[in-house]
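> To start, I am sharing the structure in question, which I have written as structure tokens.
The values are calculated or read from the model by the stated rules, or taken from the named source; none is laboratory data. None of these values were measured; they are calculated from a predicted model. Here the Cβ is made from the backbone with ideal geometry for all residues, glycine too, and neighbour counts use every protein chain on show.
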Amino acid sequence: MNRIRITSIALVSILFFARAAQAAPVCTAQPGALPNPATTPGTKNPNIPIEHIVVIMQENHSFDQYLGKLTLPQFYGSAIDGITDALTYPDEHDKPAAPYHETELCIDDVGHEWDPQHRMWNQGKNDRFLLENGKRAIGYFDHTDLPFYYSLANEFATADRYFCSSLTQTIPNRMYLFAGTSFGHIANDIPKNTSEFAQPTIFDLMTKHGVSWKYYSDNKLIGYTALFQPMLHANIQKMQKISDFEKDLANGTLPQVVFIDSLMENEDEHPNANIQVGQKWVADRVLALLNSSYWKNSVLFFTYDENGGFADHVPPPEACVPDAIPPMLKSNSEPGVFDRLGFRVPFIAVSPYVKRHFVSHVTYDHTSILRFIQTTHNLPALTFRDANADAMLDLFDFKNPRYDLPKLVSANIDSARFCKPPHDSDELTLLKELEKRGLNSLRPPIDKKYP
């Protein structure tokens, strides 16, 4: 029988952590629901002293692969549900294989589409990562590879029940971050013309209700806002470069909500990009905020769009079906509906108001970020999924902020291990296709050299 093998020594703690992921979701809140129906939409929540929300989402890594060794005693130890010595996955001979320390910084991509993700989930057994994707699917990185990320997670707040929103690949999960649904999409689909995709987004809500926002990206294709062509072209003045983020921090012009997209291929960490290059890019953005005047009233949420097909031992829990639009399955697709979250992904919250050295065990997904924005600014929910998402308030202690800056480990790029990805990621290839269709050729590319 294929299964994850964990010794009885670890059973008690695993059952404790598992309870948070097994609770059936409550889906009573409706699309359009306001966090505070007694006040006008767009009204700032007086109980949340956060004035600026910054969101950074990178690409294709699981919680266990990136942050699983926060179980080491110098970090969270047994207080976090990560990789332990007892964890194994069955190989093709049904023999136990333990996760191993990956030494390559540029690892090859593995299968992470709807079908392989559902097979790896295997009705909650989470036991087919090796069988689907081979040995590299169960490798992990630690603080020697990703020192800044481990330092950041250790000093601020993290969560061991933050899941991506759907058991599939990048673009549907990005759609959940923007729209609370993938409106049927299970693959990396792109719009055919400037009238697609017209699904309402968090950006439309903020514009309608007077919440200021910007989307910063150095990508020629302006990142994943290209998926929502009507919204993009209606708000093109809000699509700015990374250098504009630095200017807004310096000039006192940072908007209330900020999304920042890294440069695809070089900085986004999508396999087989150099993960230390991506870490350095994230560190530069985080430190820019921490060293600005905005530090005292901001929060930065940092996460990944999906697990990329890499192993994680926690079964994804049930979730609220976002809408009445079924998955766009083919005749030979793995069966499923949008009633379950995807695998866990790394998540860190950075703010003077977050609880220091804290791990949450509450179930979150990408729509929890939407719900935090909505709760802070009293914006209506987009779908059933974000209407019922947890707003992540347990991460915060709003009455006792800590403005002191911890000493964070530098995000150096190891020249002795430096590697450069030899080909385009799937997402970059798809977004280039948008350009061929005459969509979103809005500015020249920004070339960057590393290290």
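> May I ask you to say which residue of Lys238, Lys214, Lys208 is under 21 Å from the mean Cα position of the chain (by Cα) and basic (Lys, Arg)?
On the way: Lys238 fails: under 21 Å from the mean Cα position of the chain (by Cα); Lys208 fails: under 21 Å from the mean Cα position of the chain (by Cα).
So the residue among Lys238, Lys214, Lys208 that is under 21 Å from the mean Cα position of the chain (by Cα) and basic (Lys, Arg) is Lys214.
> Oh, and also: Among the residues of the range 191-224, write down those that are closer than 19 Å to Thr367 by Cα, in contact (Cβ under 8 Å) with a residue 40 or more places away in the chain and of a type in the set (Val, Ile, Thr).
Thr201, Ile202, Val211, listed by residue number.
> Regarding the range 316-329, can at least one residue be identified that is in a loop (DSSP other than H, G, I, E, B), at pLDDT 95 or above, of a type in the set (Gly, Ala, Ser) and over 24 Å from Gln199 (Cβ atoms)? Don't jump to the end; show me each part of the working.
We begin by selecting, within the range 316-329, every residue in a loop (DSSP other than H, G, I, E, B); these are 316-317, 319-329.
Still in the list and also at pLDDT 95 or above: 316-317, 319-329.
If we keep only those that are of a type in the set (Gly, Ala, Ser) too, we end up with 319, 324.
Applying the additional criterion that residues be over 24 Å from Gln199 (Cβ atoms) yields none.
No, the conditions are met nowhere in the range 316-329.
> Another question, then. Just to be sure I understand, how many residues within the range 395-444 are of a type outside the set (A, V, I, L, M, F, W, C), farther than 20 Å from Glu59 by Cα and at pLDDT below 70?
Here the count works out to 4.
> Right, another one. Determine whether the range 74-97 contains at least one residue that is of a type in the set (Ser, Thr, Tyr), free of Cβ contacts under 8 Å to residues at least 24 places away in the same chain and part of a helix (DSSP H, G or I). I'd like the intermediate steps shown before the answer.
Of the range 74-97, the ones of a type in the set (Ser, Thr, Tyr) are 76, 78, 84, 88-89.
Remaining after also requiring free of Cβ contacts under 8 Å to residues at least 24 places away in the same chain: none.
Within the range 74-97, not a single residue is of a type in the set (Ser, Thr, Tyr), free of Cβ contacts under 8 Å to residues at least 24 places away in the same chain and part of a helix (DSSP H, G or I).
> Within the set of pairs 6 or more residues apart or between chains, which connect a residue that is under 30 Å from Asp339 (Cβ atoms) inside the range 389-408 to a residue that is among the basic types (Lys, Arg) with Cβ atoms less than 9 Å apart?
Short answer, once both residue conditions are applied: Ala389/Arg371; Asp390/Arg371; Ala391/Arg371; Met392/Arg371; Asp394/Lys355; Leu395/Lys355; Phe396/Lys355.
> Read through the list (1) small (Gly, Ala, Ser); (2) surrounded by fewer than 24 Cβ atoms within 10 Å (Cβ to Cβ); (3) not in a loop (DSSP other than H, G, I, E, B), then give the number of the only condition that Gly184 fails.
Condition not satisfied by Gly184: (3).
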